[in-house]
Structure formats: C-alpha cells, structure tokens
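The values are calculated or read from the model by the stated rules, or taken from the named source; none is laboratory data. Please read these numbers as outputs of a predicted model, since none were measured by experiment. Cβ sites come from the backbone with ideal geometry, for glycine too, and all protein chains shown count toward neighbours. Accessible surface areas use protein heavy atoms only, side chains included; no ligands, DNA or RNA. Shrake-Rupley method; radii C 1.70, N 1.55, O 1.52, S 1.80 Å.
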Amino acid sequence: MKLDNRGLLIVISGPSGVGKGTVRKALFERKGHDLVYSVSMTTRQPRAGEVEGKDYYFVSKEEFEERIKEGKFLEYTKFVGNYYGTPLDRVEEQLDLGKEVVLEIEVEGAKQVRKKMKDAIFIFIAPPTMADLKARLTSRGTESEEIIKERYQKACREIGLAYLYNYIVVNDTVENAADKIIAIIRSEHARTIRSISGYKKLLEEANNEHD
Ligand code: 5GP
C-alpha cells in the first residue's frame with residue numbers, strides 16, 4: 001500500500017569524516033535496485049579516484065552561480081569555501097517515477113529541503129565519539145591541516161543540529177548503520193499516511209462486504 005506513486009525522498013547528513021559515503025555505498029550494495037543516488041554538483045576539486053557524474057558533477061564557480069540564478073537547485077550551500085548543490089530536475093523526475101531518492105548533503109542544505117519537501121525523511125549519521133571523528137578526519141590524509149581544522153569545527157556545529165532530524169544513526173560499524181537505515185526506510189513505508197490510498201481501497205471492499 002502506498003500513498004501515491006511518488007517515491008520517498010531520503011536525506012542523509014552527518015559531519016565530514018563520519019563515514020557517510022561508506023555507509024551510503026553499503027546501503028546501495030544491499031538496496032541499490034530500489035534506490036537512486038542524487039549526484040550533487042560542486043565547485044570543489046575532485047579527490048583522487050572521484051568520478052565525474054558518479055561522485056559529483058564538478059563545475060566552475062561561474063557555472064554554479066549561473067544555475068543558482070536559473071533556479072536549478074533543490075538546495076545549495078557554501079561549505080568550507082566551495083559550493084555544493086542538488087540538481088532539482090533529476091530529483092523530481094525520479095520521485096515522479098516512484099523511485100526512492102537519496103541525498104547526501106550537509107545540514108544547511110537539509111534545512112532548505114525540509115522547507116520545500118514536507119514528506120522527506122531526515123537521517124543524521126553520528127560518530128560514536130568526537131575523538132573518533134577527529135581521528136577519521138585526520139587519517140583520510142587528503143586535506144591540509146587548516147582544512148581539517150575547519151571541517152572539524154564545522155562538524156562540531158553540525159552535531160549540535162542533529163536534533164532537527166527524524167532519526168540519528170550512530171556509525172559504530174558500517175554494516176550496523178546501513179542495517180538501521182534499511183529498517184528506517186521499511187518502517188517509513190508502513191506509515192499510515194503513506195498507505196492511505198491502499199487503505200481506502202481495502203476499506204471500500206470491507207464496507208461493501210458489510211452492506
Ligand atoms: P565533501 O567535500 O567531503 O565531498 O563534502 C562536504 C560536505 O558537503 C559533506 O557534508 C557532504 O555531505 C556535503 N554535500 C555534498 N553534496 C551536497 C549538496 O548537494 N548539497 C549540500 N548542501 N551539501 C552537500
């Protein structure tokens with residue numbers, strides 16, 4: 001039973017270094033046939049191994065700003081000196097096809113989505129401890145000390161906003177975190193509000209039996 005044929009929008013946030021990307025990959029390995037990942041656009045430089053169109057669409061600042069003017073983002077923000085945004089057209093298209101769309105975005109962007117998409121669900125991935133997060137940020141070895149410090153400060157502020165999310169999932173192990181997200185998606189589908197059209201039909205049948 002489903003409210004309508006529109007898919008579910010799932011917003012995942014969490015501080016830099018918490019392992020969101022790894023959890024998301026584990027989630028897609030297990031549930032990939034049901035889920036669509038919304039590839040973001042960014043002005044940040046690609047990291048080693050990142051693939052255009054798969055990890056991000058990498059664009060110039062000018063191109064990004066042009067798209068802001070044209071209203072082409074569901075949400076966007078500046079994060080540690082670079083723009084990041086969710087292209088609107090693909091999200092709408094996939095939701096209309098009944099697909100579950102996963103956004104992996106930071107908290108400012110999630111706030112914008114909350115205002116626009118009332119039916120979305122919001123999941124915050126948290127580290128077991130702050131010491132654990134700091135260690136993970138440092139060991140990645142891809143950023144300068146200054147950027148790591150900035151990302152850590154931003155992470156501390158983000159942790160303070162986790163209460164705005166529907167769910168908090170602690171990334172103690174990747175498997176556990178992915179398991180919990182799958183359970184969340186499953187129970188969201190069973191909510192009465194999302195089952196209402198199927199329920200109406202059932203009720204009609206039940207009433208006819210009764211008459
Ligand atoms: P990174 O540079 O580590 O790939 O991403 C930095 C932060 O930007 C992460 O918290 C990531 O989730 C977030 N991010 C990635 N894409 C988007 C997006 O489209 N919009 C917003 N608001 N944040 C994003």
Accessible surface of Val80 in the full protein assembly, 1.4 angstrom probe, to the nearest 10 Å²? 30
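Going by the alpha-carbon gyration tensor, a ≥ b ≥ c the square roots of its eigenvalues, is the stretch 47-98 rounded (a/c under 1.5) or, if a/c is not under 1.5, prolate (a/b greater than b/c) versus oblate?
On the way: a/c = 2.15, a/b = 1.24, b/c = 1.74.
Verdict is oblate for the stretch 47-98.
In units of 2.2 N^0.38 Å, what is the alpha-carbon radius of gyration of the stretch 135-197? Provide the component values of the computation, followed by the final result.
Values: Rg = 16.9 Å, N = 63, 2.2 N^0.38 = 10.6 Å.
Ratio of Cα Rg to 2.2 N^0.38 Å: 1.59.
Using only the Cα atoms of the stretch 115-169, build the gyration tensor, take square roots of its eigenvalues as a ≥ b ≥ c, and label the shape rounded, prolate or oblate: rounded if a/c is under 1.5, else prolate if a/b is larger than b/c, else oblate.
The shape class here is prolate.
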For the chain, treating each Cα as an identical point scatterer without solvent, what Debye log10 I(q)/I(0) comes out at q = 0.11, 0.12, 0.13, 0.18 1/Å? -0.56, -0.66, -0.77, -1.41
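In what sequence, largest accessible area first, do Tyr165, Tyr76 appear using a 1.4 Å probe? Intermediate values should be presented prior to the final figure.
Details: Tyr165 20, Tyr76 85 Å².
Per-residue accessible area, sorted high to low, gives Tyr76, Tyr165.
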Would you mind getting the accessible area per residue of the chain, heavy atoms of the protein chains only, 1.4 Å probe, in Å²? 55
Nearest 10, in degrees from 0 to 90: the angle of helix 107-116 to the longest Cα principal axis of the chain is 30
Rounded to a whole %, the carbon-and-sulfur portion of the accessible area of the chain at a 1.4 Å probe is 52
Any idea how far the Cα center of the stretch 23-94 sits from the one of the stretch 142-211, in Å? 20
Check: the chain dipole with +1 on Lys, Arg Cβ and -1 on Asp, Glu Cβ, in debye: 460
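Pulled fully out, how much extra length does the chain show between Asn208 and Gln153, if you take 0.36 nm times their separation in residues and subtract their Cα-Cα distance?
Numbers: separation 55, 0.36 × 55 = 19.80 nm, distance 6.15 nm.
Value of the extension gain: 13.6 nm.
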Proportion of all alpha-carbon pairs of the stretch 7-111 beyond 17 Å (%): 54
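With a 1.4 Å probe and all protein chains in place, put Lys61, Lys149, Lys154 in order of accessible area, largest first.
Details: Lys61 100, Lys149 135, Lys154 40 Å².
The ranking, largest first, comes out as Lys149, Lys61, Lys154.
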log₁₀ of I(q)/I(0) at q = 0.15, 0.18, 0.22 Å⁻¹ - the stretch 98-211, Debye sum with one point per alpha carbon: -0.82, -1.05, -1.32
Just to confirm the number: angle between the C-alpha axis of helix 174-189 and the first principal axis of the chain, 0 to 90 degrees, nearest 10? 30
Once all protein chains are kept in place, Met41 shows an accessible area at probe 1.4 Å, nearest 10 Å², of 10
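Over all distinct Cα pairs, what is the inverse of the mean 1/r for the stretch 1-55, reported as the Kirkwood hydrodynamic radius in Å?
Working: mean 1/r = 0.0736 Å⁻¹.
After inverting the mean inverse Cα-Cα distance, the result is 13.6 Å.
Between Ile196 and Arg140, what length comes free when the chain is fully extended (0.36 nm per residue of separation minus the Cα-Cα distance, one decimal in nm)?
Numbers: separation 56, 0.36 × 56 = 20.16 nm, distance 4.60 nm.
Computed gain between Ile196 and Arg140 is 15.6 nm.
Quick one: order Thr77, Thr142 from most to least accessible surface, probe 1.4 Å. Don't skip to the answer; put the middle values down first.
Details: Thr77 20, Thr142 80 Å².
My answer, sorted largest first, is Thr142, Thr77.
Counting only DSSP beta bridges with both residues in the chain, what percent are antiparallel, rounded to the nearest 5?
Working: 8 of 27 bridges.
Around 30 percent of the beta bridges assigned by DSSP in the chain are antiparallel ones.
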What angle, in degrees between 0 and 90 and rounded to the nearest 10, separates the Cα long axis of helix 130-139 from the longest principal axis of the Cα atoms of the chain? 60
